[in-house]
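The values are calculated or read from the model by the stated rules, or taken from the named source; none is laboratory data. Source: prediction; values computed, not measured. A quick note on method: Cβ atoms are made from the backbone with ideal geometry, for glycine too, and the neighbour counts reach across all protein chains shown. These area figures cover heavy atoms from the full protein model, side chains too; ligands, DNA and RNA do not enter into them. Shrake-Rupley method; radii C 1.70, N 1.55, O 1.52, S 1.80 Å.
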Amino acid sequence: MTVLPPAAPGCASCAARDAVIAEQAAAIGELRLDLVALAGEVAELRRRLGRNSGNSSMAPSADDLPGRTPPPAKPKRGKGGRGPGKQPGAPGSHLAWSASPDEQVPHFPAGTCGCGADLAAAADLGVAASHQVVDVPLETATVTQHDLHEVACSCGRVHRAPVPAGAGAAGTVTYGLALQAWCVYLMAAHAIPVHRCAELIEALTGAEPSPGFVHSMIARAAAAVAEANRAIRCLIILAHVISADETPVRAGPGPKARKRYLLVACTSLLTYYFLGDRSLKTFTAFVLPDMGGTVVVHDRYQNYDAIPGLIHQLCTAHILRDLAGAAETYPDAHWPIQISQALQGLIHAANTARAQGLPAIPDDIAAPLTHAFKHGVLLGLSEIPRLPGRKQQPCRDLLECLRDRQDDVLRFARDLQIPPTSNQAERDLRPAKTQQKISGRLRSEQATRDRYAIRGYISTAAKHGAHVLTAIHDALAGTPWMPPIPDPP
């Protein structure tokens, strides 16, 4: 760099030059500060664009959005010489032979023998081979007229036969319970839109229900399963451990950007939904405030912590994804790998101990993994110091959570009744995403509540092994399937 000679005293041109140089130096300093700030912003934007379902809590459906980097592909099958599918020599699977078929059709040879004799007159030697075919007969909607007779008793009183279930007012025509159940089943269980549901039933049965009738079945079925949902809610409250989660859904009038949130509280046998938003008011109106001492497995959303009386298990799947993102943010750091491996080791040990019928992970297995977890967190905190103010470096908040809420992270290792992840809740919320992709926005919030009242009922029935279509039919008939009451501990 060339050093200019100092200005001579009283030299106007030299003083002007010095003023220009000072101004340029100040501008260069400001530009350097702006450059550092822009470099930080670019790094933060790249980090955010690099977030996907593999290193954050983002849904897999967002992995293919413009600018997103999808998670790395899973490792391919090793070169062991074993191809996918059935292996040579392994027993195959096939339809089971029925010992009592619904119909038996005899077949006899027709025509003439080589000698010219008619085979119709040949002697029957018995069945030489049998074939069974499983098929669905073509269904056609039938009209059944119910005539209610009256009888007169010898005492003079007149008695009329009761109206069959599902029949409408006298002199009117209505669709029967089986067709009503199909409407509800297709919409609630398979997210078929209303108009397509009407078209599908017409194609399958010949009946022509109007879209208005099909849509009206949502409210009717929701009222029919209300008693069962109250029982499900009570059993959720009494459960020792539940999983909880929330997801945005497009429901109700308003712009496309306006969203509601669907909350779920569930176990392996129960499912209960609630429509609202992500505010504390919604969480307070949900089932959570009625739980005292219940373990709730959830993500790190702050509203769960605001409900008093709950015991928390933070979802380790969310934590592991965040640690994968930390490993990408700090590629030279060892602590994300150390914490991930320790946490994965504890999850595996918990699954193994549970399969062996043990109440907890043996101490000789849990102690070194817990030690590695703690020291990985301390190592990360030492490498990412806390900054003054609220805005922190990436992953600092994650490390502080792992340090301050270690009991809530590792509770599953001490009580094997507690699952380490909220995967059950995510599975129970997945139909909401399926419905949204198929049908789009639900225009009425009340209709959305009715849909998920039905969805919670059929999800619980399916978890108990009940036939979903039968459960819907029974509910419309006035005898809904009810969840069994467990024996007291």
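Residues whose amide H comes within less than 5 Å of that of residue 277, counting only those at least five positions distant or on another chain, are 261, 282 (H built at 1.01 Å from N in the peptide plane).
With the full set of protein chains in place, find how many percent of the accessible area of segment 217-258 is carbon and sulfur; take the probe as 1.4 Å. Using a 1.4 Å probe with all protein chains present, segment 217-258 comes out at 62 percent carbon and sulfur. Basic side chains Lys and Arg get +1 at the Cβ, acidic Asp and Glu get -1 at the Cβ, and with that the dipole of segment 165-307 about its Cα centre reaches some 400 debye.
Among 408-418, 28-38, 201-211, sorting by the average number of other beta carbon atoms lying within 10 angstrom of each residue, highest first, gives 408-418, 201-211, 28-38. What's the angle, to the nearest 10 degrees (0 to 90), between helix 194-205's Cα axis and the longest principal axis of the chain? Approximately 30 degrees, to the nearest ten. The residues of the chain expose on average 62 square angstrom of accessible surface per residue, using a 1.4 Å probe on protein heavy atoms. Dividing the summed -39500 (n - 2.57) terms of all DSSP H runs of n ≥ 4 by the residue count of the chain sets its mean residue ellipticity at 222 nm at -14000 deg cm²/dmol. Modelled spin-label separation between residue 169 and residue 36, with each label point placed 7 Å from Cα along the Cα-to-Cβ direction: 8.1 nm.
The alpha-carbon of residue 433 sits under 15 angstrom from the alpha-carbons of these aspartates and glutamates, leaving out residues fewer than 8 places away in its chain: 63, 245, 246. Taking the protein heavy atoms of segment 407-485 in the context of the full set of protein chains, the accessible area attributed to carbon and sulfur is 51 percent at 1.4 Å.
By accessible area, using a 1.4 Å probe on protein heavy atoms only, segment 343-390 has 61% of its surface on carbon and sulfur. Among the listed pairs 259/463; 259/281; 281/391, those whose Cα-Cα separation exceeds 20 Å are 259/463; 281/391.
Listed options for percent of Cα pairs over 28 Å apart are [x] 54; [y] 70; [z] 51. The value calculated from this structure is the one marked [y].
Applied to segment 125-131, the Karplus parametrisation 6.51 cos²θ - 1.76 cosθ + 1.60 on θ = phi - 60° returns per-residue 3J(HN,Hα) values of 9, x, 6, 9, 7, 10, 10 Hz, with x for Gly and Pro.
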